[in-house]
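Take a look at the structure below.
The values are calculated or read from the model by the stated rules, or taken from the named source; none is laboratory data. Treat the numbers as computed from the prediction; the structure is a model and nothing was measured. Methodologically, a virtual Cβ is constructed for each residue, glycine included, from the backbone with ideal geometry; neighbour enumeration extends over all protein chains shown. When the accessible area is computed, the model is the full protein with side chains, heavy atoms only, and any ligands, DNA or RNA have been set aside. Shrake-Rupley method; radii C 1.70, N 1.55, O 1.52, S 1.80 Å.
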Amino acid sequence: MPEPTDTPDFFRPRLAEMIDLRHPLAVLASRLPWTQIEAVLAPYFARRVRSGKVVEHDDLFGPALQMAGSGIAAAGRPRLPIRLMASLLYLKHAYKLSDEELVERWAENVQWQFFSGMTFYEPRLPCDATQIGRFRSTLGEAGVEELLKATIDTAVSAKAIKPAEFERVIVDTTVQEKAIAHPVDSRLLEIARAKVVAAARRMGILLKQTFALEGSHLRRRAGGYAHAKQFKRLKKVLKRQRTVLGIVLREVQRRLGGLAAASASASAVDRLPGVNYSERPASIILSGAVEHVH
């Protein structure tokens, strides 16, 4: 005698009749404790109780206070089934797919729909791709750990994994390249030029040329030549950067010499009453900054 259908649909076959029930996903779907998983994850998605706020309004007896916006809000569209979203999260990590690829493949794969708890084939997307990210963020680390624990318990009960295999943890420590700014010559020369110009500006020294535009342009050219392995052109750019830095340094040193001479002549003058002589000369401060950058 055939099994009774969930709905009286005589034109669509059930997914259980369309797939091989010996498929790993079909076996896992029948052994996972979905009722327990839904009970554990349900509190994360329950509607929150809002405290509300007290507002003043006028009635027949005069002004009065009333609590507004309190309680559980019933607004908004109903949430998708927890089993569907948990299944999508499991399939995403099992097959290493993006959210967009996941929902597109789900609409074409009957095994995935059976694993998600569907009764009939649905030729549509299960949800919007952005909803998977919101589900994952709402679930948090604790909810993901509950899903992982349920999967491990199912594997142990099915004798697919022995408990002794959890005594040793293997960590993949593969080194991956990162976007690290290495201290190459062109970058250090540009940083030195910018720091000398900034130190001179703080001390009130006006330079004839700061080479800000040319410095950034040379830095980009040096990066392009280094990437293309055009070392002769890179060498010319580095030479120009050293020249620019030397021009800025020599001009700052000349200005510092003038400030030092002016401070020496001023020290020969008799001290005037009411003048504060405890402040350090600007030339001493700037010279220290230039020596630090140099």
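Here are the numbers:
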| quantity | calculated |
| --- | --- |
| Rough spin-label spacing in nm, given labels placed 7 Å along Cα→Cβ, for Ala64 and Thr130 | 4.2 nm |
| Signed unit charges on C-beta, dipole axis of segment 26-65, positive-most listed residue Leu60, Ala39, Ala26 | Ala26 |
| Probe 1.4 Å, accessible area per residue of segment 98-255, Å² | 69 Å² |
| Once the Cα gyration tensor of segment 177-250 is diagonalised, semi-axes √(5λ) in Å | 25, 14, 9 |
| Pair Lys236, Arg254: separation of 7 Å Cα→Cβ label points (nm) | 2.8 nm |
| Unit charges on C-beta of K, R, D, E only; dipole of segment 147-253, Debye | 1000 debye |
| Accessible-area ranking of His227, His23, His217, largest first, probe 1.4 Å | His227, His217, His23 |
